[in-house]
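These notes are about the structure you will find just below.
Just so you know, all these numbers are worked out from the coordinates, no wet-lab data involved. Quick caveat: nothing in here was measured; it's all calculated off a predicted structure. Neighbour counts are summed over all protein chains in view; Cβ atoms, including those assigned to glycine, are modelled from backbone coordinates with ideal geometry.
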Amino acid sequence: MTQDEAKRAAAEAALKYLVPGEVLGVGTGSTVNFFIDALAARKRDIRGAVSSSNASSERLQKLGIPVLDLNDAGTLSIYVDGADEANAQLQLIKGGGAALTREKIVAAASRQFICIADESKLVEVLGKFPLPVEVIPMARSYVARELVQLGGQPKWREGVVTDNGNVILDVSGLQIFDPLQLEEQIGLLTGVVSVGLFARRAADVLLLGAASGVRELKAGSSR
Ligand code: 5RP
């Protein structure tokens with residue numbers, strides 16, 4: 001099974017969590033693209049989608065799925081999104097596609113967060129994937145120095161401007177044994193818009209595509 005086949009299998013497995021007649025949240029990335037494509041066949045069952053990026057909004061609209069403003073949608077039934085890394089507690093690193101801030105907002109506004117990924121994303125300790133941090137442009141160097149103090153090696157993702165007009169620092173060299181604490185610590189740095197650690201709002205369900213089928217990890221059972 002290729003990595004794309006595993007992503008597609010996880011994405012299709014998320015359809016069973018759809019709540020008929022409600023609005024859902026849709027994230028960003030290649031795994032979510034498979035989900036959006038599969039969602040097209042079920043578009044009559046839902047009221048519409050709130051999206052975490054311009055790229056996903058365009059894909060949803062092209063397939064005839066109504067895209068709503070979060071401010072008009074109220075609490076969302078589910079949020080479906082991928083991850084760059086996940087641990088057994090369903091805490092995540094996200095933001096490889098630079099959409100982390102809107103992803104965090106949509107996840108926070110959803111009753112259930114369904115994370116979809118291929119099995120290579122499951123790790124023992126988060127941090128091998130460089131941790132994305134969205135930063136106000138004028139604070140870039142200041143925040144980078146602070147991240148060095150925290151033991152990381154930040155690298156500016158040059159040429160990338162987020163949908164919110166900000167920049168991304170990718171922080172490598174971290175072994176994140178306490179994701180909740182690091183999320184809070186980095187989030188409090190002046191100039192940081194958001195950090196790509198999803199520990200405070202971890203996933204509720206993790207669907208991992210693999211050759212043997214789709215493995216389902218749930219927050220209660222794996223914690
Ligand atoms: C985008 C994200 C994505 O969910 C993450 O990068 C995973 O992407 P992919 O599904 O392409 O592996 O956080 O900001």
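Worth a mention:
- Computed over region 78-204, the P(r) curve from all C-alpha pair distances, binned at 10 Å from the origin, holds 14, 49, 32, 5 percent per bin.
- Note on region 131-196: percent of Cα-Cα distances in each 10 Å bin, starting at 0 and stopping at the bin with the largest distance, equals 23, 61, 16, 0.
- About its Cα centre, the dipole of region 77-223 is roughly 160 debye, where the only charges are +1 on Lys and Arg Cβ and -1 on Asp and Glu Cβ.
- Rel. contact order, % - alpha carbon contacts under 8 angstrom, at least six apart, region 131-196: 48
- Dividing the summed helix terms, -39500 (n - 2.57) for each DSSP H run of n ≥ 4, by the number of residues in the chain produces a 222 nm estimate of -8000 deg cm²/dmol to the nearest 500.
- Sites GLU216 and GLN175 - FRET efficiency at Förster radius 30 Å, r taken between beta-carbons, to 0.05: 0.65
- Neighbour cut-off at most 13 other Cβ (10 Å), DSSP loop, GluC sites (Glu not before Pro), region 104-184: GLU124, GLU158
- Cross-link partners of LYS104 among aspartates and glutamates (Cα-Cα below 16 Å; sequence separation of 8 or more within a chain): ASP69, ASP81, ASP84, GLU85, GLU134, ASP163, GLU183, GLU184, ASP204
- Modelled FRET efficiency - R0 22 Å, LEU15 with GLN61, Cβ distances, 0.05 increments: 0.65
- Taking a Cβ cut-off of under 11 Å around ALA11, the surrounding Lys, Arg, Asp and Glu residues balance to a net charge of -4, with basic ones at +1 and acidic ones at -1.
- In the chain, the convex hull through the Cα atoms has an average projected area of 11.7 nm², a quarter of its surface area.
- Extension reserve of the GLN3-ASN164 stretch, reckoned as 0.36 nm per residue once the Cα distance is removed: 54.9 nm
- R0 of 35 Å, Cβ-Cβ distance SER141-ALA41: FRET efficiency to nearest 0.05: 0.15
- For VAL133, net neighbour charge (Lys/Arg +1, Asp/Glu -1) across residues whose Cβ lies under 14 Å away: -1
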